[in-house]
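Note sheet for the following structure.
The values are calculated or read from the model by the stated rules, or taken from the named source; none is laboratory data. All values derive from a computational prediction rather than experimental measurement. Heads up, the Cβs are rebuilt from the backbone with ideal geometry, glycines too, and the neighbour counts pull from every protein chain shown.
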Amino acid sequence: MDEQSKKNKIAWEYRAYEYWNKRYGTPEELAEQITKHPTAHLKKHKSYFKQIKGKKVANLCGSNGRKAVPIALLGAEVTVFDISEENKQYALELAEQAGTSINYIITDIYDIDLLVYQEYFDVLYLEGGILHYFQDIQKLMHMLYAILKTGGKMILSDFHPLRQFFLSNKDKVTYFDNQNLKLADLAYKDFFDTEEQHDFPNVYVRLHTLSEIINAVIESGFQLQKFVEHRGWNGEDIPWEFTMLGKK
């Protein structure tokens, strides 16, 4: 595990289980919602999972299982790779309450065991803003390519790199000069009381340009089949997220 991942592991194991209960309710409560309409919880990506039954799916940085569980309910064999034990606790309880099962492996994505998972998966699913946790995006993409079967597909969705210009003081935002790691707040820090936030560890991130992301996908061997930009979560007319579909 590299130094960035070690530090981010510490952060993502700080009160994460408590946060998921605050944000989504108990595993039992969230499971009740998911089991009613599994595909609805895949939101804008549900069209990619229409024929998923019997497929082996890797949910990379799958967090609390809120995407892995509905995919498992649709009949896929789902393996989550994530760095946080607290995420794993919530995810496994969520799967149990939903009446399904998922595999959950605690690891740095760079360190996935290729003796086990070389060309193992039919589908790779990454979503929710995770690329900034990987300083070496080329290394990440080569690992993803290695664990995907020939003919398999990768669904990669992340924050749009231009999003930061709409969320920050534009005079202080850099786009091309982001080679080094920088400190950032843990994603769920603001969900806790102000006096508690002082105790939260920071995460270490590396912001990538759009061309760096696309080129890393292509140069690792993927055939880029689709690239879609998404509006803001409330319909704002700004580039908030993107989804790309790659094939091996």
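Points to keep in mind about this one:
- Some residue of region 85-101 being within 20 Å of LEU245 (Cα to Cα) and among the charged types (D, E, K, R): no
- Residues that are within 28 Å of ASP237 (Cβ to Cβ) and in contact (Cβ under 8 Å) with a residue 24 or more places away in the chain do not occur anywhere in region 113-122.
- Identity of the residue in region 180-210, assigned to a strand (DSSP E or B) and in contact with a helix residue (DSSP H, G or I) (Cβ under 7 Å, 6 or more places away or on another chain), that ends up surrounded by the most Cβ atoms within 10 Å (Cβ to Cβ): VAL203
- Of the criteria (1) small (Gly, Ala, Ser); (2) under 25 Å from ASP111 (Cα atoms); (3) free of Cβ contacts under 8 Å to residues at least 60 places away in the same chain, which one GLY25 fails: (2)
- PHE176 being out of contact with any Pro (no Cβ under 6 Å at 6 or more places or on another chain), of a type outside the set (Val, Ile, Thr), more than 30 Å from LYS22 (Cβ to Cβ) and modelled with pLDDT under 95: yes
Results for (1) crowded, with 21+ Cβ neighbours inside 10 Å; (2) assigned to a strand (DSSP E or B); (3) aromatic (Phe, Trp, Tyr), shown as yes or no for each residue.
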residue	(1), (2), (3)
LEU30	yes, no, no
LYS43	no, no, no
GLY65	yes, no, no
VAL80	yes, yes, no
GLN89	no, no, no
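- Hey, ILE130 aliphatic (A, V, I, L, M) and touching a Cys at 6+ places or on another chain (Cβ under 6 Å) or not: yes
- If you go through region 211-248 and pick out every residue that is in contact with a strand residue (DSSP E or B) (Cβ under 8 Å, 6 or more places away or on another chain) and part of a helix (DSSP H, G or I), you end up with 4.
- Within region 45-63, the residues that satisfy the criterion of being part of a helix (DSSP H, G or I) and surrounded by fewer than 21 Cβ atoms within 10 Å (Cβ to Cβ) are HIS45, LYS46, SER47, TYR48.
- When region 93-124 is filtered for residues that are in contact with a Gly (Cβ under 8 Å, 6 or more places away or on another chain) and buried (at least 18 other Cβ atoms within 10 Å of the Cβ), the ones remaining, listed by number, are LEU94, ALA95, ILE102, TYR104, PHE121, VAL123, LEU124.
- One residue stands out among those in region 128-142 that are surrounded by 19 or more Cβ atoms within 10 Å (Cβ to Cβ) and out of contact with any helix residue (DSSP H, G or I) (no Cβ under 7 Å at 6 or more places or on another chain): the one that is farthest from LYS55 (Cα to Cα), which is HIS132.
- Filter pass, TYR145 being modelled with pLDDT of 95 or more, surrounded by 18 or more Cβ atoms within 10 Å (Cβ to Cβ) and touching a His at 6+ places or on another chain (Cβ under 9 Å): no
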